[in-house]
1. Are any residues in segment 76-104 buried (at least 17 other Cβ atoms within 10 Å of the Cβ) and either in a loop (DSSP other than H, G, I, E, B) or at pLDDT below 90 (or both), and if so, which ones?
2. Do we find a residue being of a type in the set (A, V, I, L, M, F, W, C), more than 16 Å from ligand 2 (Cβ to nearest atom), assigned to a helix (DSSP H, G or I) and closer than 30 Å to Val124 by Cα anywhere in segment 61-75?
3. Could you grab me the full set of residues in segment 107-130 that are within 13 Å of ligand 2 (Cβ to nearest atom) and outside any loop (DSSP other than H, G, I, E, B)?
4. Of the residues that sit in segment 114-138 and are among the small types (Gly, Ala, Ser) and open to solvent by less than 30 Å² (accessible area, probe 1.4 Å), which one is nearest to Glu57 (Cα to Cα)?
5. Please tell me if Leu53 is under 30 Å from Ala18 (Cα atoms) and either near ligand 2 (Cβ under 10 Å from one of its atoms) or of a type in the set (A, V, I, L, M) (or both).
6. Please go through segment 139-154 and pick out each residue that is away from ligand 2 (no atom under 16 Å from the Cβ) and either surrounded by 14 or more Cβ atoms within 10 Å (Cβ to Cβ) or modelled with pLDDT of 90 or more (or both).
7. Could you pull out the residue among Glu117, Glu149, Glu111, Glu83 that is touching a Leu at 6+ places or on another chain (Cβ under 6 Å) and not assigned by TED's automatic domain parsing to the domain that holds Glu9?
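The values are calculated or read from the model by the stated rules, or taken from the named source; none is laboratory data. Bear in mind that the values here come from a model prediction, so they are computed numbers and not experimental data. Cβ coordinates were reconstructed from backbone atoms using ideal geometry, including for glycine residues, and neighbour counts include every protein chain displayed. All accessible areas refer to the heavy atoms of the entire protein, side chains included, with ligands and DNA or RNA removed. Shrake-Rupley method; radii C 1.70, N 1.55, O 1.52, S 1.80 Å.
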Amino acid sequence: MSAPAVLHELVARANDLAAVVDTVAGELSRADPEGRAGSRLPNAAGLIRQAALELAESAAELTRATQHRPVTFCRMGWGVCPEHGSTLIAMGTVTRCAVFGCGRTWEYKREVVPCAELATHRVVDADGGQTPVCGGHAAYACDSGGYVEPLTPP
Ligand SMILES: [Zn+2]
Ligand SMILES: [Zn+2]
């Protein structure tokens, strides 16, 4: 089985697993509505679904990589909204984009996790150094007065 096919298989298994966790959570809350045993399960199911999304995105990236040139990933060490930049709001273990109409949420503290989005731009330093960045980090770098240019296919 090819690597993308393996990843798609894993996505399906992760979604199945999340559904099983939902079922167990439902049974626990019916059996013991006051109990705390099941209180973490919805979060667990959310994390598994987030893992499924990451796997699906990995599969898509792998497919793009094998079809075209090698992909470059953003090198920034913290997360942003891939479209809007430094707009994340953390609430507990959930992170969302503050831009109205964006609607993106992540079931983890995204702003402290290194960015793994596809690079679409590069930031050029005063000394000529170049850093590949995603659209969100490009927007942030622009706002911060950095010099940003789009990555062009070779
Ligand atoms: Zn956004
Ligand atoms: Zn980025």
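1. Within segment 76-104, Met76, Gly79, Val80, Pro82, His84, Ser86, Thr87 qualify.
2. For segment 61-75, residues of a type in the set (A, V, I, L, M, F, W, C), more than 16 Å from ligand 2 (Cβ to nearest atom), assigned to a helix (DSSP H, G or I) and closer than 30 Å to Val124 by Cα: present.
3. Those that are within 13 Å of ligand 2 (Cβ to nearest atom) and outside any loop (DSSP other than H, G, I, E, B): Arg110, Glu111, Leu118, His121, Arg122, Val123.
4. Here the answer is Ala119.
5. Against the criterion (under 30 Å from Ala18 (Cα atoms) and either near ligand 2 (Cβ under 10 Å from one of its atoms) or of a type in the set (A, V, I, L, M) (or both)), Leu53 qualifies.
6. Within segment 139-154, just Tyr147 meets the criteria.
7. Just one listed residue meets the conditions, Glu111.
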